[in-house]
Amino acid sequence: MSEATSGNDVLALMREARAQLENAPGTWPAKRELAEAIRELTACLAETDAPEGELLAIAEQVRTAARRFSGQPEMIDPPGVAEMSLAGGMEVFRDRSPIVGQANPLAPPATLAADHDTKMVYGEVFFGPAYQGAPGCVHGGFVAAVFDEALGMATVFSGRPGMTGWIRVSYKRPTPLETDLGIVARMDGVEGRKIRTSAELIAGDEVVAEATGLFISIPLEKFAELKQAERDRKSQAG
């Protein structure tokens, strides 16, 4: 951690990031509530030993809710993008992200904040029982996914949006489930279109995993094309 940023400063950054997320427009606060309810259901399912009849009854309730959803309007033009590595040049709407999105039940969710003074990204994540790989441990694929997001967010210091070329993860020791984990990421350098980043995942005082990443800066026009293609697909499907 940079000497310019104390532990208290990091906590302040995280509080500020969470406060900013509270100001979601429109129906997004309600979507967050629904996503959190789905996370609770998923966590229960991962650990339950309920009898078959109870499981089947709950399954039917969930299907009823899904059918109710199927008749609702679909977003043709979702706000922003849900990828932190694109923050260097595009509007990012975190709620949609499968890693940090409070309105996406796939997300743990992780919380990430960029400190532009030290050019570091600080974050935290808590993995519940649904993310288990080895007994009591987070599945390595989810560790890699959180690294991809944190490494991508660190590219914001280049001032250019980019996409993942590759990430390399070194698992130092098992990552514990149901434990508050810290994330630290940074931009290491820029070579033409190549943006290099690195990060650590920390449990207590121990680094449990490290990662490096190579991101490739992409012209904004390319992302505009992708977004237009998404609009066209949804319009045709509707």
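Bear in mind that the values in this text are calculations on the coordinates, not laboratory data. As the structure is a prediction and not an experimental result, all values here were calculated from the model. Heads up, the Cβs are rebuilt from the backbone with ideal geometry, glycines too, and the neighbour counts pull from every protein chain shown.
A full extension of the chain between LEU106 and ARG67 corresponds to an added length of 12.1 nm, given 0.36 nm per residue minus the alpha carbon distance. Ordered by the count of other Cβ atoms within 10 Å of each Cβ, fewest first, ASP95, ASP49, ASP115 give ASP49, ASP115, ASP95. Highest-first packing order for the peptide set 29-38, 193-202 is 193-202, 29-38, based on the mean count of other beta carbon atoms within 10 Å. Shown for VAL100, VAL156, VAL169: other C-beta atoms within 10 Å of each C-beta, ranked fewest to most, produce the order VAL169, VAL156, VAL100. Estimated at 0.36 nm per residue, the fully extended path between ASP117 and ARG193 surpasses their Cα-Cα distance by 25.0 nm. Taking a sphere under 14 Å around the Cβ of GLU206 and counting the other residues whose Cβ falls inside, with K and R at +1 and D and E at -1, yields a net charge of -2. Over the stretch 95-195, the fraction of Cα-Cα pairs per 10 Å bin, rounded to whole percents and listed from the shortest bin up, is 15, 45, 32, 8, 0. Neighbour counts of other Cβ atoms within 10 Å put MET75, MET153, MET120, MET163 in the fewest-to-most order MET75, MET163, MET120, MET153. Once label points are set 7 Å from the Cα along Cα→Cβ at both ASP180 and ASP232, what is their separation, rounded to one decimal in nm? Simple spin-label model gives 4.9 nm for this pair.
The alpha-carbon of LYS119 sits under 22 angstrom from the alpha-carbons of these lysines, leaving out residues fewer than 8 places away in its chain: LYS194.
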